[in-house]
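Student: My structure is below; once you've seen it, I'll send some questions.
The values are calculated or read from the model by the stated rules, or taken from the named source; none is laboratory data. Not measured: the values here are computed from a predicted model. Here Cβ is always computed from backbone atoms with ideal geometry, including for glycine, and neighbour counts include all displayed protein chains. Surface areas here come from the heavy atoms of the whole protein model, side chains and all, with no ligands, DNA or RNA. Shrake-Rupley method; radii C 1.70, N 1.55, O 1.52, S 1.80 Å.
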Amino acid sequence: MLQFIRNRASVELLSRSFRKYNVPESSGQLLQDLGFVHMSMSGVFHLLPLGLRVQDKISKLIQQSMKSVGAAQVSLAHLSSKEVWDRSGRWETSGRELFRLKDRTERELCLAPTHEEDITECIASFVESQKQLPIRVYQIGRKYRDEARPRGGLLRGKEFVMKDLYTFDVNTHQAQETYRQVLGAYHQFFKAVGLPFSMVNADTGNIGGKLSHEFHYRSAAGEDTICICPSCEFSTNSELLKETTSGTGHCCPSCGDELTLSSSIEVGHAFLLGQAYSAKLGANVEVNKRLEPLYMGCFGIGISRMIAAIATVTKDSKGLVWPMNVAPWKVLVVPTSSKHMQAAESVYDGVAHVVGADNILLEDRSQHSFGYKMKDAELIGYPFVIIVGSQFERQSLCEVHVRATGGRHHLPLQSLHQILLGNFL
(Lines give C-alpha, C1' and ligand atoms only; values in the text may rest on other atoms or scores of the structure.)
Protein backbone atom coordinates (compact mmCIF):
# COMPACT_ATOMS: atom_id res chain seq x y z
CA MET A 1 0.00 0.00 0.00
CA LEU A 2 1.37 3.42 -1.00
CA GLN A 3 2.23 5.77 1.83
CA PHE A 4 0.18 8.96 2.02
CA ILE A 5 2.54 11.81 1.03
CA ARG A 6 1.51 15.39 1.71
CA ASN A 7 2.05 18.09 -0.91
CA ARG A 8 4.37 20.66 0.67
CA ALA A 9 4.99 24.28 -0.30
CA SER A 10 8.71 23.86 0.43
CA VAL A 11 8.81 21.43 -2.52
CA GLU A 12 6.16 22.79 -4.89
CA LEU A 13 6.82 26.56 -4.85
CA LEU A 14 9.70 28.24 -6.68
CA SER A 15 8.80 31.83 -5.89
CA ARG A 16 10.97 34.85 -5.21
CA SER A 17 11.07 36.49 -1.78
CA PHE A 18 9.69 40.05 -1.59
CA ARG A 19 9.86 42.47 1.30
CA LYS A 20 7.27 44.65 -0.40
CA TYR A 21 5.40 43.87 -3.59
CA ASN A 22 2.98 45.91 -5.65
CA VAL A 23 0.85 43.92 -8.09
CA PRO A 24 1.89 44.96 -11.64
CA GLU A 25 -0.61 45.78 -14.38
CA SER A 26 0.85 43.06 -16.57
CA SER A 27 -0.36 39.56 -15.74
CA GLY A 28 2.68 38.25 -17.63
CA GLN A 29 5.01 39.97 -15.18
CA LEU A 30 2.92 38.78 -12.25
CA LEU A 31 3.13 35.15 -13.42
CA GLN A 32 6.90 35.50 -13.65
CA ASP A 33 7.28 37.17 -10.26
CA LEU A 34 5.17 34.53 -8.49
CA GLY A 35 7.02 31.57 -9.97
CA PHE A 36 4.47 30.29 -12.48
CA VAL A 37 6.79 30.79 -15.45
CA HIS A 38 10.35 31.88 -16.20
CA MET A 39 11.27 33.77 -19.36
CA SER A 40 14.17 32.04 -21.10
CA MET A 41 14.32 34.63 -23.89
CA SER A 42 11.89 36.95 -25.62
CA GLY A 43 8.80 34.90 -26.49
CA VAL A 44 10.05 31.67 -24.87
CA PHE A 45 9.03 30.57 -21.37
CA HIS A 46 9.75 27.70 -19.03
CA LEU A 47 6.76 26.48 -17.02
CA LEU A 48 7.55 26.18 -13.31
CA PRO A 49 5.56 23.93 -10.92
CA LEU A 50 2.64 26.33 -10.40
CA GLY A 51 2.32 27.13 -14.10
CA LEU A 52 2.58 23.49 -15.08
CA ARG A 53 -0.19 22.56 -12.66
CA VAL A 54 -2.52 25.17 -14.18
CA GLN A 55 -1.67 23.91 -17.66
CA ASP A 56 -2.36 20.32 -16.58
CA LYS A 57 -5.73 21.31 -15.07
CA ILE A 58 -6.75 23.01 -18.33
CA SER A 59 -5.54 20.00 -20.31
CA LYS A 60 -7.60 17.59 -18.22
CA LEU A 61 -10.75 19.63 -18.83
CA ILE A 62 -9.95 19.59 -22.56
CA GLN A 63 -9.46 15.82 -22.52
CA GLN A 64 -12.90 15.40 -20.96
CA SER A 65 -14.49 17.59 -23.65
CA MET A 66 -12.69 15.68 -26.41
CA LYS A 67 -13.94 12.36 -25.03
CA SER A 68 -17.48 13.71 -25.24
CA VAL A 69 -17.17 13.93 -29.06
CA GLY A 70 -15.39 10.60 -29.46
CA ALA A 71 -11.92 11.99 -30.22
CA ALA A 72 -8.76 9.92 -29.66
CA GLN A 73 -5.52 11.52 -28.48
CA VAL A 74 -2.36 11.35 -30.58
CA SER A 75 1.06 13.00 -30.47
CA LEU A 76 2.41 14.37 -33.76
CA ALA A 77 6.05 15.17 -34.47
CA HIS A 78 7.27 18.74 -33.95
CA LEU A 79 9.35 18.56 -37.14
CA SER A 80 7.52 18.69 -40.46
CA SER A 81 8.92 18.38 -43.99
CA LYS A 82 8.94 20.99 -46.74
CA GLU A 83 7.54 18.35 -49.10
CA VAL A 84 4.24 17.98 -47.25
CA TRP A 85 3.88 21.75 -46.85
CA ASP A 86 4.58 22.21 -50.57
CA ARG A 87 1.70 19.86 -51.36
CA SER A 88 -0.72 22.08 -49.45
CA GLY A 89 0.85 25.25 -50.88
CA ARG A 90 1.59 26.72 -47.47
CA TRP A 91 5.40 26.50 -47.54
CA GLU A 92 5.50 29.65 -49.66
CA THR A 93 2.49 31.46 -48.20
CA SER A 94 3.37 31.05 -44.50
CA GLY A 95 6.04 33.74 -44.67
CA ARG A 96 8.64 34.53 -42.02
CA GLU A 97 6.57 33.26 -39.08
CA LEU A 98 7.43 29.68 -40.07
CA PHE A 99 10.57 28.39 -38.31
CA ARG A 100 12.57 26.79 -41.14
CA LEU A 101 15.68 24.64 -40.80
CA LYS A 102 17.74 21.99 -42.59
CA ASP A 103 19.07 18.67 -41.36
CA ARG A 104 22.59 17.41 -42.12
CA THR A 105 21.42 16.09 -45.52
CA GLU A 106 20.14 19.57 -46.45
CA ARG A 107 16.54 18.40 -46.29
CA GLU A 108 14.30 21.39 -45.56
CA LEU A 109 12.09 21.16 -42.49
CA CYS A 110 9.99 23.38 -40.25
CA LEU A 111 8.95 23.46 -36.62
CA ALA A 112 5.23 22.92 -36.98
CA PRO A 113 2.97 25.85 -36.00
CA THR A 114 -0.01 23.62 -36.85
CA HIS A 115 -0.50 20.08 -38.19
CA GLU A 116 -3.13 20.06 -40.95
CA GLU A 117 -0.64 18.74 -43.51
CA ASP A 118 0.89 16.02 -41.36
CA ILE A 119 -2.37 14.63 -39.95
CA THR A 120 -4.01 14.63 -43.38
CA GLU A 121 -1.10 12.72 -44.91
CA CYS A 122 -1.24 10.30 -41.98
CA ILE A 123 -4.99 9.66 -42.30
CA ALA A 124 -4.63 9.27 -46.08
CA SER A 125 -2.25 6.34 -45.54
CA PHE A 126 -4.83 4.06 -43.92
CA VAL A 127 -8.40 5.17 -44.68
CA GLU A 128 -9.82 2.66 -47.15
CA SER A 129 -13.56 2.63 -46.46
CA GLN A 130 -16.43 4.84 -45.34
CA LYS A 131 -16.87 2.38 -42.47
CA GLN A 132 -13.73 3.85 -40.87
CA LEU A 133 -15.34 7.30 -40.67
CA PRO A 134 -15.81 9.60 -38.91
CA ILE A 135 -12.27 10.02 -37.57
CA ARG A 136 -11.61 12.52 -34.79
CA VAL A 137 -8.08 12.83 -33.38
CA TYR A 138 -6.50 15.51 -31.23
CA GLN A 139 -3.21 16.30 -29.58
CA ILE A 140 -1.92 18.53 -26.81
CA GLY A 141 1.56 19.70 -27.67
CA ARG A 142 3.99 22.47 -28.42
CA LYS A 143 3.76 24.69 -31.46
CA TYR A 144 6.20 27.21 -32.90
CA ARG A 145 5.75 30.57 -34.58
CA ASP A 146 8.50 33.13 -35.21
CA GLU A 147 6.58 36.12 -33.88
CA ALA A 148 8.06 39.44 -34.93
CA ARG A 149 7.05 41.08 -31.64
CA PRO A 150 6.42 38.59 -28.81
CA ARG A 151 4.41 40.30 -26.07
CA GLY A 152 2.10 39.72 -23.17
CA GLY A 153 4.15 36.84 -21.77
CA LEU A 154 2.32 33.63 -22.64
CA LEU A 155 -0.30 35.55 -24.62
CA ARG A 156 1.91 35.79 -27.72
CA GLY A 157 5.15 33.82 -27.83
CA LYS A 158 7.42 31.95 -30.20
CA GLU A 159 6.69 28.61 -28.53
CA PHE A 160 3.31 27.70 -27.07
CA VAL A 161 1.12 24.76 -26.05
CA MET A 162 -2.07 24.04 -27.95
CA LYS A 163 -4.81 21.49 -28.24
CA ASP A 164 -5.60 20.84 -31.89
CA LEU A 165 -8.39 18.52 -33.02
CA TYR A 166 -8.70 17.26 -36.60
CA THR A 167 -11.88 15.67 -37.94
CA PHE A 168 -12.56 13.67 -41.10
CA ASP A 169 -16.00 12.93 -42.55
CA VAL A 170 -17.40 11.41 -45.73
CA ASN A 171 -19.57 14.34 -46.83
CA THR A 172 -20.32 17.97 -46.08
CA HIS A 173 -23.48 17.19 -44.11
CA GLN A 174 -21.62 14.94 -41.68
CA ALA A 175 -18.73 17.41 -41.46
CA GLN A 176 -21.18 20.16 -40.48
CA GLU A 177 -22.69 17.89 -37.82
CA THR A 178 -19.21 17.18 -36.45
CA TYR A 179 -18.53 20.93 -36.42
CA ARG A 180 -21.74 21.52 -34.47
CA GLN A 181 -20.85 18.81 -31.93
CA VAL A 182 -17.34 20.17 -31.38
CA LEU A 183 -18.64 23.72 -30.87
CA GLY A 184 -20.96 22.25 -28.23
CA ALA A 185 -18.01 20.51 -26.55
CA TYR A 186 -16.10 23.81 -26.59
CA HIS A 187 -19.00 25.52 -24.85
CA GLN A 188 -18.95 22.85 -22.15
CA PHE A 189 -15.18 23.19 -21.77
CA PHE A 190 -15.25 26.96 -21.36
CA LYS A 191 -18.15 26.71 -18.91
CA ALA A 192 -16.10 24.21 -16.87
CA VAL A 193 -13.19 26.67 -16.75
CA GLY A 194 -15.60 29.03 -15.02
CA LEU A 195 -15.24 32.40 -16.77
CA PRO A 196 -17.64 34.25 -19.09
CA PHE A 197 -16.70 33.80 -22.76
CA SER A 198 -17.98 34.79 -26.20
CA MET A 199 -18.17 32.79 -29.43
CA VAL A 200 -18.03 34.93 -32.57
CA ASN A 201 -17.92 34.43 -36.33
CA ALA A 202 -14.40 34.69 -37.68
CA ASP A 203 -12.23 34.90 -40.77
CA THR A 204 -10.66 31.63 -41.96
CA GLY A 205 -7.29 33.31 -42.51
CA ASN A 206 -4.19 31.32 -43.51
CA ILE A 207 -5.74 28.03 -42.33
CA GLY A 208 -8.45 28.26 -45.00
CA GLY A 209 -11.86 26.61 -45.16
CA LYS A 210 -15.54 27.45 -45.43
CA LEU A 211 -16.58 28.50 -41.91
CA SER A 212 -14.86 29.65 -38.74
CA HIS A 213 -15.65 30.68 -35.17
CA GLU A 214 -13.48 32.11 -32.39
CA PHE A 215 -13.80 31.93 -28.61
CA HIS A 216 -12.80 35.01 -26.61
CA TYR A 217 -12.42 36.31 -23.09
CA ARG A 218 -13.35 39.97 -22.85
CA SER A 219 -10.51 42.04 -21.45
CA ALA A 220 -9.30 45.61 -21.81
CA ALA A 221 -5.80 44.16 -22.21
CA GLY A 222 -6.84 42.12 -25.27
CA GLU A 223 -5.48 42.82 -28.76
CA ASP A 224 -8.64 41.68 -30.55
CA THR A 225 -12.00 43.41 -30.87
CA ILE A 226 -15.28 41.50 -30.96
CA CYS A 227 -18.62 42.92 -32.04
CA ILE A 228 -21.84 41.62 -30.48
CA CYS A 229 -25.40 42.69 -31.13
CA PRO A 230 -27.45 43.05 -27.92
CA SER A 231 -30.71 42.61 -29.87
CA CYS A 232 -30.08 39.47 -31.93
CA GLU A 233 -27.64 36.57 -32.01
CA PHE A 234 -25.16 38.25 -34.39
CA SER A 235 -21.53 38.24 -33.22
CA THR A 236 -18.26 38.56 -35.09
CA ASN A 237 -14.70 39.72 -34.76
CA SER A 238 -13.94 43.19 -36.06
CA GLU A 239 -11.72 41.95 -38.92
CA LEU A 240 -14.50 39.84 -40.44
CA LEU A 241 -17.01 42.67 -39.95
CA LYS A 242 -14.82 44.99 -42.06
CA GLU A 243 -14.55 42.34 -44.78
CA THR A 244 -18.25 41.49 -44.97
CA THR A 245 -19.95 44.87 -44.46
CA SER A 246 -19.60 48.22 -46.17
CA GLY A 247 -20.86 51.57 -44.98
CA THR A 248 -22.75 50.19 -41.98
CA GLY A 249 -20.30 51.49 -39.37
CA HIS A 250 -20.84 49.66 -36.09
CA CYS A 251 -24.38 48.60 -36.92
CA CYS A 252 -25.50 45.00 -36.97
CA PRO A 253 -25.88 43.80 -40.59
CA SER A 254 -28.69 41.47 -39.48
CA CYS A 255 -31.02 43.80 -37.57
CA GLY A 256 -29.50 47.28 -37.90
CA ASP A 257 -29.01 47.88 -34.16
CA GLU A 258 -25.75 49.29 -32.86
CA LEU A 259 -23.10 46.68 -32.07
CA THR A 260 -21.32 46.46 -28.73
CA LEU A 261 -17.54 46.48 -29.24
CA SER A 262 -15.25 44.89 -26.68
CA SER A 263 -11.52 44.32 -26.47
CA SER A 264 -10.83 40.63 -26.02
CA ILE A 265 -8.30 37.79 -25.94
CA GLU A 266 -8.80 34.95 -28.40
CA VAL A 267 -8.33 31.55 -26.73
CA GLY A 268 -9.98 29.12 -29.16
CA HIS A 269 -10.68 28.77 -32.87
CA ALA A 270 -12.73 26.40 -35.05
CA PHE A 271 -12.49 25.88 -38.82
CA LEU A 272 -14.72 23.92 -41.18
CA LEU A 273 -12.03 23.15 -43.75
CA GLY A 274 -14.00 21.25 -46.36
CA GLN A 275 -11.71 19.46 -48.83
CA ALA A 276 -8.96 22.10 -48.95
CA TYR A 277 -6.26 19.82 -47.51
CA SER A 278 -7.61 16.35 -48.25
CA ALA A 279 -7.80 17.00 -52.01
CA LYS A 280 -4.17 18.14 -52.16
CA LEU A 281 -2.79 15.44 -49.86
CA GLY A 282 -4.70 12.45 -51.21
CA ALA A 283 -6.99 11.72 -48.24
CA ASN A 284 -9.77 10.09 -50.24
CA VAL A 285 -12.50 7.51 -49.78
CA GLU A 286 -14.67 5.71 -52.32
CA VAL A 287 -18.16 7.21 -52.65
CA ASN A 288 -20.52 5.82 -55.34
CA LYS A 289 -17.55 4.09 -57.01
CA ARG A 290 -15.55 7.33 -57.16
CA LEU A 291 -12.70 8.53 -54.98
CA GLU A 292 -13.76 11.66 -53.11
CA PRO A 293 -11.61 13.80 -50.79
CA LEU A 294 -12.62 13.67 -47.15
CA TYR A 295 -14.32 16.64 -45.50
CA MET A 296 -12.22 18.07 -42.68
CA GLY A 297 -12.43 20.34 -39.68
CA CYS A 298 -9.76 21.62 -37.31
CA PHE A 299 -10.27 23.07 -33.85
CA GLY A 300 -7.67 24.73 -31.62
CA ILE A 301 -7.43 25.91 -28.02
CA GLY A 302 -4.38 27.87 -26.85
CA ILE A 303 -3.60 26.16 -23.56
CA SER A 304 -0.54 28.15 -22.51
CA ARG A 305 -2.26 31.32 -23.74
CA MET A 306 -5.23 30.47 -21.52
CA ILE A 307 -2.97 30.56 -18.45
CA ALA A 308 -2.12 34.19 -19.19
CA ALA A 309 -5.64 35.05 -20.37
CA ILE A 310 -7.28 33.71 -17.20
CA ALA A 311 -4.72 35.54 -15.08
CA THR A 312 -5.38 38.76 -17.01
CA VAL A 313 -9.17 38.53 -16.73
CA THR A 314 -9.34 37.57 -13.05
CA LYS A 315 -6.47 39.32 -11.28
CA ASP A 316 -7.23 42.11 -8.84
CA SER A 317 -5.21 44.58 -6.78
CA LYS A 318 -4.15 41.78 -4.41
CA GLY A 319 -2.97 39.25 -6.98
CA LEU A 320 -4.35 36.32 -8.96
CA VAL A 321 -7.84 34.84 -8.50
CA TRP A 322 -7.90 31.40 -10.10
CA PRO A 323 -11.26 29.79 -10.95
CA MET A 324 -11.76 26.61 -8.95
CA ASN A 325 -11.27 24.10 -11.76
CA VAL A 326 -7.96 25.48 -13.02
CA ALA A 327 -6.33 26.66 -9.77
CA PRO A 328 -2.87 25.14 -9.23
CA TRP A 329 -3.98 24.11 -5.74
CA LYS A 330 -7.57 24.55 -4.60
CA VAL A 331 -6.81 24.53 -0.87
CA LEU A 332 -3.79 25.79 1.09
CA VAL A 333 -3.44 24.85 4.76
CA VAL A 334 -1.34 27.33 6.77
CA PRO A 335 -0.27 26.83 10.42
CA THR A 336 0.13 30.12 12.28
CA SER A 337 3.45 28.89 13.74
CA SER A 338 5.64 25.79 13.81
CA LYS A 339 4.02 24.60 17.03
CA HIS A 340 0.73 24.24 15.16
CA MET A 341 2.23 22.20 12.30
CA GLN A 342 0.99 18.88 13.70
CA ALA A 343 -2.55 20.23 13.97
CA ALA A 344 -2.26 21.63 10.43
CA GLU A 345 -1.20 18.21 9.16
CA SER A 346 -4.24 16.69 10.85
CA VAL A 347 -6.54 19.23 9.15
CA TYR A 348 -4.74 18.64 5.86
CA ASP A 349 -5.31 14.88 6.05
CA GLY A 350 -9.01 15.31 6.79
CA VAL A 351 -9.56 17.83 4.00
CA ALA A 352 -7.52 15.76 1.50
CA HIS A 353 -10.01 12.92 1.85
CA VAL A 354 -12.80 15.36 0.96
CA VAL A 355 -11.30 17.33 -1.94
CA GLY A 356 -8.71 14.86 -3.23
CA ALA A 357 -5.04 14.57 -2.37
CA ASP A 358 -3.97 16.39 -5.55
CA ASN A 359 -5.98 19.52 -4.73
CA ILE A 360 -4.41 20.53 -1.41
CA LEU A 361 -1.07 22.02 -0.37
CA LEU A 362 0.52 22.37 3.08
CA GLU A 363 2.41 25.60 3.80
CA ASP A 364 5.52 24.29 5.59
CA ARG A 365 8.22 26.82 4.62
CA SER A 366 10.15 27.59 7.76
CA GLN A 367 12.11 30.56 6.36
CA HIS A 368 9.03 32.77 6.05
CA SER A 369 6.82 34.44 8.62
CA PHE A 370 3.11 33.74 8.90
CA GLY A 371 2.36 37.21 7.50
CA TYR A 372 4.55 36.59 4.48
CA LYS A 373 2.86 33.24 3.82
CA MET A 374 -0.59 34.80 3.91
CA LYS A 375 0.46 37.61 1.56
CA ASP A 376 2.01 35.04 -0.77
CA ALA A 377 -1.17 32.93 -0.69
CA GLU A 378 -3.24 35.96 -1.63
CA LEU A 379 -0.91 36.81 -4.52
CA ILE A 380 -0.90 33.24 -5.87
CA GLY A 381 -4.69 33.09 -5.63
CA TYR A 382 -5.60 29.78 -3.98
CA PRO A 383 -9.42 29.58 -3.89
CA PHE A 384 -9.39 28.50 -0.19
CA VAL A 385 -6.84 29.14 2.54
CA ILE A 386 -7.35 27.29 5.82
CA ILE A 387 -5.54 28.76 8.84
CA VAL A 388 -4.77 26.45 11.75
CA GLY A 389 -3.69 28.01 15.04
CA SER A 390 -4.52 28.31 18.71
CA GLN A 391 -8.24 28.60 17.97
CA PHE A 392 -8.15 25.12 16.48
CA GLU A 393 -6.30 23.78 19.51
CA ARG A 394 -8.87 25.30 21.91
CA GLN A 395 -12.15 25.03 20.03
CA SER A 396 -11.41 22.91 16.92
CA LEU A 397 -12.15 25.96 14.75
CA CYS A 398 -10.36 26.77 11.50
CA GLU A 399 -10.24 30.20 9.89
CA VAL A 400 -11.10 29.94 6.18
CA HIS A 401 -10.30 32.66 3.64
CA VAL A 402 -12.20 32.56 0.33
CA ARG A 403 -10.15 34.35 -2.34
CA ALA A 404 -12.93 35.06 -4.86
CA THR A 405 -15.23 36.80 -2.39
CA GLY A 406 -12.77 38.01 0.23
CA GLY A 407 -14.87 36.21 2.84
CA ARG A 408 -13.42 34.97 6.15
CA HIS A 409 -15.16 32.27 8.20
CA HIS A 410 -14.46 30.49 11.48
CA LEU A 411 -15.67 26.94 11.11
CA PRO A 412 -15.43 23.58 12.86
CA LEU A 413 -13.75 20.91 10.78
CA GLN A 414 -17.02 19.11 9.92
CA SER A 415 -18.64 22.30 8.60
CA LEU A 416 -15.49 23.01 6.64
CA HIS A 417 -15.79 19.62 4.94
CA GLN A 418 -19.40 20.33 3.99
CA ILE A 419 -18.52 23.73 2.48
CA LEU A 420 -15.66 22.27 0.48
CA LEU A 421 -17.84 19.41 -0.74
CA GLY A 422 -20.34 21.98 -1.97
CA ASN A 423 -17.64 23.67 -4.03
CA PHE A 424 -15.94 20.57 -5.34
CA LEU A 425 -18.81 18.23 -6.24
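Student: Determine the gain in length on full extension of the stretch SER366-LYS318; use 0.36 nm per residue of separation and subtract their C-alpha separation, reporting nm with one decimal.
Tutor: 14.9 nm
Student: Got a sec? Which residues in the stretch 366-394 would a label at SER17 touch, if it sits 7 Å along Cα→Cβ and we count backbone N under 13 Å?
Tutor: Taking a point 7 Å out along Cα→Cβ of SER17, the residues of the stretch 366-394 whose backbone N falls under 13 Å are 366-370, 372-373.
Student: Taking R0 as 56 Å, what's the FRET efficiency between SER263 and ASP349 from their Cβ-Cβ distance, rounded to 0.05?
Tutor: 0.75
Student: What percentage of the solvent-accessible surface of the chain, computed with a 1.4 Å probe over protein heavy atoms, is contributed by carbon and sulfur atoms?
Tutor: 49 percent
Student: Determine by what factor the alpha-carbon radius of gyration of the stretch 1-101 differs from 2.2 N^0.38 Å, reporting the quotient.
Tutor: Output field value: 1.59.
Student: Residues with beta-carbon under 12 Å from that of VAL11, excluding VAL11: net charge, scoring Lys, Arg +1 and Asp, Glu -1?
Tutor: Around VAL11, the surrounding residues sum to 0.
Student: Are there chymotrypsin sites (Phe, Trp or Tyr not before Pro) in the stretch 341-425 that DSSP marks as loop and that have at most 14 other Cβ atoms within 10 Å, and which are they?
Tutor: Loop-located and lightly packed - none at all.
Student: For labels at ALA279 and THR225 in the simple 7 Å Cα→Cβ model, what's the distance in nm?
Tutor: Going by the 7 Å Cα→Cβ label model, 3.5 nm.
Student: Any chance you could list P(r) for the stretch 158-223, counting all Cα-Cα pairs in 5 angstrom bins from zero, rounded to whole %?
Tutor: So the P(r) values, bin by bin, are 3, 12, 19, 26, 22, 11, 5, 2, 0.
Student: How high is the relative contact order of the chain, given as a whole-number percent (alpha carbon pairs under 8 Å, six or more residues apart)?
Tutor: 16 percent
Student: Next question, about the same structure. In 5 Å bins starting at zero, report the fraction of Cα pairs in the stretch 47-170 per bin as a rounded %.
Tutor: Once binned at 5 Å, the Cα pair distances of the stretch 47-170 give 2, 9, 17, 18, 19, 15, 12, 6, 2, 0.
Student: Now for a separate question. Sum up the charges of everything whose Cβ sits under 14 Å from the Cβ of LYS67, counting Lys and Arg as +1 and Asp and Glu as -1, but leave LYS67 out.
Tutor: Net charge around LYS67: +3.
Student: What do you get for Rg/Rh over the chain if you use C-alpha atoms and the Kirkwood form of Rh?
Tutor: Radius of gyration relative to Kirkwood radius: 1.03.
Student: Sum -39500 (n - 2.57) across every DSSP H segment of at least 4 residues in the chain, then divide by the residue count to get the 222 nm mean residue ellipticity, nearest 500.
Tutor: -9500 deg cm²/dmol
Student: Pairs LYS20/LYS318; LYS102/LYS163; LYS57/LYS330; LYS143/LYS242; LYS67/LYS143: which exceed 20 Å Cα-Cα?
Tutor: LYS102/LYS163; LYS143/LYS242; LYS67/LYS143
Student: Same structure again: Based on the alpha-carbon set only, what is the convex hull volume of the stretch 174-326 divided per residue, in Å³?
Tutor: It comes to 146 Å³ per residue, whole-number rounded.
Student: Whole percent per 5 Å bin, from 0 to the bin with the longest distance: what is P(r) over all C-alpha pairs of the stretch 290-423?
Tutor: 2, 10, 19, 20, 17, 11, 6, 4, 3, 2, 2, 2, 2, 1, 1, 0, 0
Student: Can you tell me the accessible area per residue over the chain, all protein chains present, probe 1.4 angstrom, in square angstrom?
Tutor: On a per-residue basis, 48 Å².
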